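K.L.:
Pasting in a structure now, in structure tokens, and then I'll have a few things to ask.
The values are calculated or read from the model by the stated rules, or taken from the named source; none is laboratory data. Just so it is clear, the structure is predicted and the values come from calculations on it, not from any experiment. Note that we place each Cβ from the backbone using ideal geometry, even for glycine, and neighbour counts take in every protein chain shown. Keep in mind that these areas ignore ligands, DNA and RNA; they rest on the heavy atoms of the full protein, side chains included. Shrake-Rupley method; radii C 1.70, N 1.55, O 1.52, S 1.80 Å.
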Amino acid sequence: MTTPKDSAEKALEVERFFGTEILFGAAGPEAAQKRPMTLEDVRAWVDDCKKCRLHEGRTNIVFGEGSPSARLVFVGEGPGADEDREGRPFIGRAGKMLTRIIENVLNLTREDVYIANIVKCRPPGNRNPQADECAMCMPYLTAQLEVIRPEVIVTLGSVATHNLLNTKTPIGRLRGTFHQWGNTRLMPTYHTAYLLRNPAEKRKVYDDMLMVKDALGL
Ligand code: URA
């Protein structure tokens with residue numbers, strides 16, 4: 001049986017196929033409105049998602065946060081324990097390092113940028129999200145990026161980079177140059193969790209962020 005949520009989801013997929021100008025809200029096609037899609041619409045679409053096994057262990061969906069008109073979006077891999085508890089991305093140790101990069105290297109605040117993940121629910125034991133879990137969750141991130149339309153995306157680590165660039169090339173070979181996600185420039189760099197274990201690599205991330213800063217004219 002088709003539920004209102006199913007038909008809203010289908011409507012959103014159809015709209016995304018034709019462009020993002022019109023969205024049927026999560027309440028269903030009967031609530032159709034001619035207006036641009038918002039992050040709230042995408043949030044409502046994600047609500048109570050059970051498309052993959054990750055929903056079983058989650059405390060909170062970690063949707064993403066920041067400016068809906070951010071020029072710069074960071075994409076991580078998936079929530080850890082702190083993020084799952086609070087429902088907010090990058091608030092643990094790796095997140096604190098990301099905040100320092102945003103503030104001290106880019107001279108921005110977390111409120112200026114947008115921070116999201118490939119998967120919205122915490123993988124058990126902080127394992128990497130599996131390919132099918134990433135695939136199930138990708139339409140949500142794609143919709144977020146289509147609403148925000150940033151000038152630059154920074155992918156943090158292999159999972160985010162491989163999923164957005166659709167490649168398996170090692171992150172060490174991809175970082176340090178801009179790639180394209182559609183018409184948007186994308187800079188892959190190391191994940192801050194990796195930097196916590198390999199502090200000598202911070203220098204490379206610093207260099208990558210200087211390129212981002214330059215691309216944004218900051
Ligand atoms: N690592 C991630 O990839 N995302 C988070 O939100 C936190 C840690």
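K.L.:
Consider Val75 against the criteria (1) surrounded by fewer than 20 Cβ atoms within 10 Å (Cβ to Cβ); (2) within 18 Å of Gly157 (Cα to Cα); (3) of a type in the set (A, V, I, L, M): it satisfies all of them except one. Which criterion is unmet?
P.N.:
That leaves (1) as the condition not met.
K.L.:
Residue check, Pro150 against (1) farther than 23 Å from His179 by Cα; (2) away from the ligand (no atom under 16 Å from the Cβ); (3) open to solvent by less than 20 Å² (accessible area, probe 1.4 Å), all met but one. Which one?
P.N.:
(1)
K.L.:
Continuing with the same structure: Give the residues of region 149-205 that are over 15 Å from the mean Cα position of the chain (by Cα) and of a type in the set (A, V, I, L, M), sorted by residue number.
P.N.:
Ile171, Leu174, Ala193, Leu195, Leu196, Ala200, Val205
K.L.:
Still on this structure, I have one more. Considering only region 188-207, I want to know if a residue exists there that is in contact with a Leu (Cβ under 8 Å, 6 or more places away or on another chain), open to solvent by 20 Å² or more (accessible area, probe 1.4 Å) and among the hydroxyl-bearing types (Ser, Thr, Tyr).
P.N.:
yes
K.L.:
Something else about it: If you check Ala70, Ala94, which single one turns out to be under 16 Å from the mean Cα position of the chain (by Cα), within 11 Å of the ligand (Cβ to nearest atom) and either crowded, with 18+ Cβ neighbours inside 10 Å or not in a helix (DSSP H, G or I) (or both)? Step through it out loud before you land on a result.
P.N.:
Values: Ala70 fails: within 11 Å of the ligand (Cβ to nearest atom).
After applying the criteria, what remains is Ala94.
K.L.:
Pick out, from region 107-218, the helices (runs of 4 or more DSSP H) lying fully within it that include 2 or more residues that are touching a residue at least 24 places away in the same chain (Cβ under 8 Å).
P.N.:
Working: elements: 131-148, 157-165, 171-174, 192-197, 202-215.
Where helices (runs of 4 or more DSSP H) fall fully within region 107-218 and carry at least 2 residues being touching a residue at least 24 places away in the same chain (Cβ under 8 Å), they are 131-148, 157-165, 192-197, 202-215.
K.L.:
Same structure, new question: Confirm whether Asn163 is crowded, with 22+ Cβ neighbours inside 10 Å and modelled with pLDDT of 95 or more. If you could, list the steps in order and put the result at the bottom.
P.N.:
Details: crowded, with 22+ Cβ neighbours inside 10 Å: no; modelled with pLDDT of 95 or more: yes.
So Asn163 does not fit the description; no.
K.L.:
Name the residue, out of Asn107, Asn117, that is closer than 23 Å to Leu196 by Cα and more than 13 Å from the ligand (Cβ to nearest atom).
P.N.:
Asn107
K.L.:
Also, quick follow-up: Assuming Cys137 fulfils every condition listed in (1) within 12 Å of the ligand (Cβ to nearest atom); (2) under 14 Å from Pro79 (Cα atoms) apart from one, which condition is it?
P.N.:
Of the numbered conditions (1) within 12 Å of the ligand (Cβ to nearest atom); (2) under 14 Å from Pro79 (Cα atoms), the odd one out for Cys137 is (1).
K.L.:
Is there a residue being open to solvent by less than 50 Å² (accessible area, probe 1.4 Å), away from the ligand (no atom under 16 Å from the Cβ), under 14 Å from the mean Cα position of the chain (by Cα) and closer than 18 Å to Leu156 by Cβ anywhere in region 78-90?
P.N.:
So the first thing to find is which residues in region 78-90 are open to solvent by less than 50 Å² (accessible area, probe 1.4 Å), and the list is 78-81, 83-84, 87, 89-90.
Next, only the ones that are away from the ligand (no atom under 16 Å from the Cβ) stay: none.
There is no residue in region 78-90 that is open to solvent by less than 50 Å² (accessible area, probe 1.4 Å), away from the ligand (no atom under 16 Å from the Cβ), under 14 Å from the mean Cα position of the chain (by Cα) and closer than 18 Å to Leu156 by Cβ.
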